[in-house]
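S.K.: What follows is a single structure, and I will ask about it in a moment.
Computed from the coordinates by the stated procedures, all read-outs in this text should not be read as laboratory data. Quick caveat, the model's predicted, so the values are computed rather than measured. With ideal geometry, Cβ positions are generated from the backbone for all residues, glycine too; neighbour counts draw on all protein chains shown.
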There are 2 protein chains.
Amino acid sequence: MDFSRRDIHSTEIPVLCRSCEVRHKGMCGALNPDELTLLSRHTRQLQHSSGEELVGESTDVEAYDNVMRGVVKLSKTLEDGRQQIVGLQFAPDLVGRLYATESPMTAEAASDVEVCRVPKVMLERLIERNPALRKRLMDQALRELDEAREWMVTLGRKTASEKVASLLMLIAVHLDPDARGDRRIFDLPMSRLDIADYLGLTIETVSRQFSRLKKDGIISITANRHIEVQSLAKLQSRCG
Amino acid sequence: MDFSRRDIHSTEIPVLCRSCEVRHKGMCGALNPDELTLLSRHTRQLQHSSGEELVGESTDVEAYDNVMRGVVKLSKTLEDGRQQIVGLQFAPDLVGRLYATESPMTAEAASDVEVCRVPKVMLERLIERNPALRKRLMDQALRELDEAREWMVTLGRKTASEKVASLLMLIAVHLDPDARGDRRIFDLPMSRLDIADYLGLTIETVSRQFSRLKKDGIISITANRHIEVQSLAKLQSRCG
DNA sequence: GCCTTGCCTTGATCAAGATCAATTCTGGGC
DNA sequence: GCCCAGAATTGATCTTGATCAAGGCAAGGC
């Protein structure tokens, strides 16, 4: 698995949401600060497990959401309730299916989240006359495709213990990218249920695998969510 | 799962590969016949399980392959040999990672395949000045992303029997799209091993599930590959 | 025709992970 | 500090699908 840091400008730059007059610490992703300032129309704070949806099937608004802070989960549900998380979006990703008014998917806050809402037509009009933006959006789509396919290997061919190790690696890379050496410290941005739904496991199995990683001295956990990875190399070696 | 026929012009149109002077029955996909005639430089016939790779990591050629006939499998392999097929490409898909000279993936013929090879730089130059082509390629990327995420649900949350039913539905839709009524007849474009690698199962489990579908009168199989679906509705009801 | 080879099927057994059922931990309200 | 509700852990048991092993079947070579 390729856990290298994605190519974004991680220095935070102020972004002013014109309509709400909220000043964010934004990051350069698909939309740069200027474009975001130009387009953003509404800023929302969403709380973890509020049940509120972002751009998604049921909230079929004509908009995209640019993630400013926190983690958004994209999930799909079978008729009998079985759920699978099919993607995580970190700042500064743009959430929402380009060129489609609905998508058979739900976007919800996995952690506490702040998003800037961008009207669909405005963005799509801007895409037409801005080749750089177009390229960045194409790159986000292709990167998400690569990530989805990489995760298919995890879902289809890895053991429970490899799955959990892979998730910890993924999050360590996204949430503590500047750490030095072999240790990483971060807070899990999601519940055990979310983790299970992302890995195609049950919460009990996830919990047992965490306990095993603790027992083996690879991680320590406090307050359920706070993770200290003692050795990233050892964790990597468990990713299959 | 959405098994609706993808939006392509399925009428076949002649395409002339200029360099090889081969005339194909092409279909309109990401590249239309004019663009393909303009760009194609070499036509290759690949045989099922020849081991030959299309555009991929090891054959790091500066080209894309446009599938004219047959089915191409995209797969990833873990160090210990566990394999996962992460996508199937049917005619007239374009195979190859846009804007990247290598991708951690292998593309091989799943069935007997005919492809038109297109030089990377030529296509990327054409993209710059052809908005319609650009949009079609963006749409293929977004569609592949949707399909990958849909398959993640299959891999992570469905039972073996639902997985096999889902694969049969997928192939029925692609390879016998014009069939009327509730019956479908087609040849499986891949081996049991490929099926297992696409579904995250073993060949034995796949075989048992086929046997069960036969016993329940939902499908009949002759010569290993030839499938007759007696009731698409019943098959659908087993997809989870 | 017979043998070989590769692919598929079937059966017996095993183990990883699911399920069911208690506890225990954590955080929030008072 | 104490209580409560939701979340996480742990244990006991069961099920699904993997593994190991044997045999069937069809195509190609001689």
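S.K.: Please state the charge dipole magnitude for segment A:58-134, taken about the Cα centre, from unit charges on C-beta atoms (+1 on K and R, -1 on D and E), reported in debye and rounded to the nearest 20.
M.R.: Values: 10 positive and 12 negative charges, 61 e Å.
Dipole size: approximately 300 debye.
S.K.: Which links in A:LYS76/B:LYS73; A:LYS76/A:LYS215; B:LYS120/B:LYS158; A:LYS158/A:LYS214; A:LYS158/B:LYS163; A:LYS214/B:LYS76 stretch past 27 Å when you go from one Cα to the other?
M.R.: A:LYS76/A:LYS215; B:LYS120/B:LYS158; A:LYS214/B:LYS76
S.K.: Now for a different question. For A:VAL121 and A:LYS135 in one chain, what is 0.36 nm times their gap in residues minus the Cα-Cα distance, to one decimal in nm?
M.R.: Details: separation 14, 0.36 × 14 = 5.04 nm, distance 1.79 nm.
So the extension gain works out to 3.3 nm.
S.K.: Points 7 angstrom from Cα along the Cβ direction at B:GLU128 and A:ASP176: gap in nanometres?
M.R.: 4.4 nm
S.K.: Sorting check: for B:32-40, B:68-76, which peptide has the highest mean count of neighbouring beta carbons within 10 Å, and how do the rest follow? Show your work: numbers first, answer last.
M.R.: Details: B:32-40: 19.6, B:68-76: 22.0.
Going from most to least packed, we get B:68-76, B:32-40.
S.K.: Separate question: Enter the Cα centre distance for the pair segment A:59-124 and segment B:182-240, rounded to the nearest angstrom.
M.R.: After rounding, the separation between the Cα centres reads 34 Å.
S.K.: Would you calculate the separation in nanometres between label points at A:GLU53 and B:ARG41, each defined as 7 Å from the Cα along the Cα-to-beta-carbon direction?
M.R.: Result for the modelled spin labels: 4.7 nm.
S.K.: At B:HIS42, with labels set 7 Å past Cα in the Cβ direction, how many nm apart are the copies from this one, shortest first?
M.R.: When each copy's label point is compared with this one, the spacings are 5.4 nm.
S.K.: Compute the label-point distances linking B:VAL121 to its equivalents in the other copies; points lie 7 Å from Cα along Cα→Cβ; give nm, one decimal, shortest first.
M.R.: Here B:VAL121 shows inter-copy label distances of 4.3 nm.
S.K.: Shortest first and in nm to one decimal, what separations exist between A:THR101 and its copies in the other chains, measuring from label points 7 Å along the Cα-to-beta-carbon line?
M.R.: 4.4
S.K.: Could you check the simple spin-label distance between B:GLU62 and A:THR77, using points 7 Å along Cα→Cβ, in nm with one decimal?
M.R.: Distance between label points: 5.0 nm.
S.K.: Nearest 0.05, what FRET efficiency do A:ASP34 and A:ILE221 give at R0 = 60 Å with Cβ-Cβ as r?
M.R.: It comes to 0.90.
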